[in-house]
Amino acid sequence: MTANTLPGQPHIAYQANALCMENVKLADVAAQFGTPVFAYSKAAMLSALAAYQRGFAGRKVQICYAMKANSNLAVLQVFAKAGCGFDIVSGGELARVLAAGGAPEKIIFSGVGKTRAEMKQALELGIACFNVESEAELEVLNEVALSLGQKARVSLRVNPNVDPKTHPYISTGLKGNKFGIAHDEVIDTYKKAASYPGLRVVGIDCHIGSQITDSAPYLDAADRMLDLVDAIEAAGIALHHLDFGGGLGIDYAGDTPPSADALWAQLFAKLDARGYGDRQIMIEPGRSLVGNAGVCLTEVLYLKPGEDKNFCIVDAAMNDLPRPTLYQAYHSIVPVAIDGTTPPVTCDVVGPICESGDWLGRDRTLAVKAGDHLAVLSAGAYSMSMASNYNSRNRPAELLVEGDTHHLIRERDRTEEQWANERLL
Ligand code: PLP
């Protein structure tokens with residue numbers, strides 16, 4: 001780490017007033033590939049993964065990267081090569097894992113709305129497990145498995161009714177959420193699952209939400225899940241694995257989530273105390289493996305002073321970086337080069353899209369002028385994977401930085417590709 005590293009971003013630092021990712025100058029990336037453009041640090045992804053792996057040393061754990069966070073093929077390839085499995089939520093994600101060289105037998109399939117076609121595709125490939133979220137889904141999966149002459153391995157996602165204290169849209173473990181089997185119905189649903197000839201019960205799963213910055217709700221949910229494990233096994237249904245869902249939150253704005261190794265030490269102390277320390281454990285982290293590994297570079301198009309507010313209009317927008325408008329999320333925004341001569345102004349950083357919700361940062365103090373580049377930090381997770389072509393904008397290019405080199409891992413969309421599947425009358 002260097003003295004001028006940015007908080008929460010060990011692989012991004014100013015070197016002689018030029019913002020660098022590892023040893024690559026981000027101004028050079030913007031100049032070569034245009035903006036907006038995403039860049040991800042491979043070292044940052046692997047060091048985030050290493051924190052989990054340290055916490056799991058000597059234990060039976062399969063890390064399944066929740067690829068919804070960032071599903072670029074090269075990102076998947078990095079995690080597959082590092083031994084990760086994948087947590088998927090669609091047939092498209094399944095196809096991406098295969099294209100990136102991931103192993104089907106390390107895939108778990110989550111989500112409340114799997115279709116019959118997706119179930120068939122996953123069964124034919126022999127994935128590790130379906131995380132089932134309702135009785136109705138159990139019935140359909142049983143039918144699909146029988147039609148293929150198979151037994152589907154299933155784990156039930158239980159809803160522990162624990163408040164993760166995160167944004168309501170990414171909170172999933174409360175009674176009123178659409179996710180999981182209600183705590184009171186879990187035992188009966190397990191009995192039902194065990195009675196289906198086309199299913200084999202192998203696990204239990206719980207995911208209470210994303211961007212959790214406190215270990216207490218996580219550990220409470222684990223306790224409630226272990227109470228259920230006691231009861232399910234007492235009813236004669238053996239569970240091969242326990243899946244604790246997504247990972248912890250990241251530092252976007254001075255957030256202080258516990259480190260992965262510290263959290264896992266606490267969780268394993270609990271598992272040991274309750275006699276489950278030797279059990280196969282699964283975990284589905286997304287954001288914490290990629291979030292702080294990525295930045296989105298954008299060019300300042302215009303400065304627009306106003307009576308109430310100043311605006312810094314940039315060429316990235318809510319279609320590229322949907323988190324601010326979707327969750328009122330904060331991303332740090334910093335200059336790619338510091339020139340020391342431009343006076344700072346307080347402004348809202350906004351994109352060119354025709355929506356008042358098209359903002360990336362509010363009330364930021366920035367010393368920039370038209371033509372300068374800005375870096376939107378912590379943009380490795382739930383950014384490009386949520387990007388769209390709204391306003392017929394081309395989605396950005398993506399690069400993977402490795403030491404002092406970088407690889408183009410996704411070309412910017414071409415405009416004609418946007419309508420390639422459309423037909424004139
Ligand atoms: N597992 C499931 C079922 C999820 O829905 C999510 C995301 O919400 C994750 C894992 C990944 O969570 P995170 O990115 O917070 O690690």
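The values are calculated or read from the model by the stated rules, or taken from the named source; none is laboratory data. Note that the structure is predicted; figures quoted are calculated from it, not measured. For neighbour counting, all protein chains shown are included, and Cβ atoms are generated from backbone atoms with ideal geometry for every residue, glycine included.
List of remarks:
- Contact annotation: residue pairs with Cβ atoms under 8 Å, 6 or more positions apart or on different chains, pairing a residue in the range 104-118 that is more than 15 Å from residue 241 (Cα to Cα) and touching a residue at least 40 places away in the same chain (Cβ under 8 Å) with a partner that is within 15 Å of the ligand (Cβ to nearest atom) and among the hydroxyl-bearing types (Ser, Thr, Tyr), are 112/134.
- Residue match in the range 382-390 (condition: touching a strand residue (DSSP E or B) at 6+ places or on another chain (Cβ under 8 Å) and within 16 Å of the ligand (Cβ to nearest atom)): yes
- Selected residue (only one of 161, 177 is assigned to a loop (DSSP other than H, G, I, E, B), out of contact with any strand residue (DSSP E or B) (no Cβ under 6 Å at 6 or more places or on another chain), modelled with pLDDT under 95 and surrounded by fewer than 16 Cβ atoms within 10 Å (Cβ to Cβ)): 177
- Residues (of a type in the set (Val, Ile, Thr) and more than 22 Å from residue 73 (Cα to Cα)) located in the range 99-156: 112, 115, 132, 140, 144, 154
- Of the residues examined, residue 346 is not one that is of a type in the set (Val, Ile, Thr), surrounded by fewer than 21 Cβ atoms within 10 Å (Cβ to Cβ) and without any contact (Cβ under 8 Å) to a residue 12 or more places away in the chain.
- If you filter the range 197-226 down to residues that are among the acidic types (Asp, Glu) and touching a helix residue (DSSP H, G or I) at 6+ places or on another chain (Cβ under 9 Å), you find that the one that is surrounded by the most Cβ atoms within 10 Å (Cβ to Cβ) is 205.
- Restricting the range 121-149 to residues that are without any contact (Cβ under 8 Å) to a residue 40 or more places away in the chain and closer than 25 Å to residue 84 by Cβ leaves a set whose member that is nearest to the ligand (Cβ to nearest atom) is 130.
- Any hit, the range 388-397, residues being in contact with a Gly (Cβ under 9 Å, 6 or more places away or on another chain), hydrophobic (A, V, I, L, M, F, W, C) and closer than 15 Å to residue 39 by Cβ: yes
- Taking the range 46-142 and the helices (runs of 4 or more DSSP H) fully enclosed by it, the elements with 2 or more residues that are crowded, with 21+ Cβ neighbours inside 10 Å and over 19 Å from the mean Cα position of the chain (by Cα) are at 116-125.
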